[in-house]
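Undergrad: Dropping the structure in here first, questions after.
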Amino acid sequence: MNMLQKAIRKGVALLLFSVLITGMCFSVNAQSTRQDSSKLSEPVQLRWTNIASIITCLSFSNGKGTLSGEVIGHPGTTQITAYATLKRQNIDNTYTTVASWNDLSTNSDLLIFSQTYYVSRGYTYKLTLTGTVYRNGTSETASCSTIVYAN
């Protein structure tokens, strides 16, 4: 991959990140969740060895869910694998998986997840993205979740 392609890929990643933030989506790192009236949470600042960032975004309009996320590896990343789950909160506050996406993978330092999924309105849903970044012969895994009510 030449320098121009890398610059374009990084630019696309930055654009996606900007759109997610501008769209007032939740952004949460490292298996943390936040559910309150604010639309944007403050990212948890961690110092990962392989992972530069992980983010998820979840929104609903008339039952149509827009799900997205990304995992970014530090320079030298050779592969990123991931899986995502969408779960519905039950009346007893447990969660039931309604959809999952396995075997997400890229041989670069950027993995982008983007899906549309229709849900039943009147429930709370949780999107979780778990990514593993491979770099310098080691792997590192992190998860990110966003919880949203579908009205």
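Undergrad: Over the range 104-148, what relative contact order in percent results from Cα pairs under 8 Å that are six or more residues apart?
TA: 32 percent
Undergrad: First select every other residue whose beta carbon is under 12 angstrom from the beta carbon of THR49; then total the charges, Lys and Arg +1, Asp and Glu -1.
TA: +1
Undergrad: Sticking with this structure for a sec: Cβ under 14 Å from ARG88's Cβ, ARG88 left aside: what net charge do those residues give with Lys, Arg +1 and Asp, Glu -1?
TA: +2
Every read-out reported here was derived from the displayed coordinates using simple, explicitly stated rules and does not represent laboratory data. A quick note: this is a predicted structure, and the numbers were derived from the prediction, not measured. When we count neighbours, we look across all protein chains shown, and the Cβ atoms used for this are built from the backbone with ideal geometry, even at glycine.
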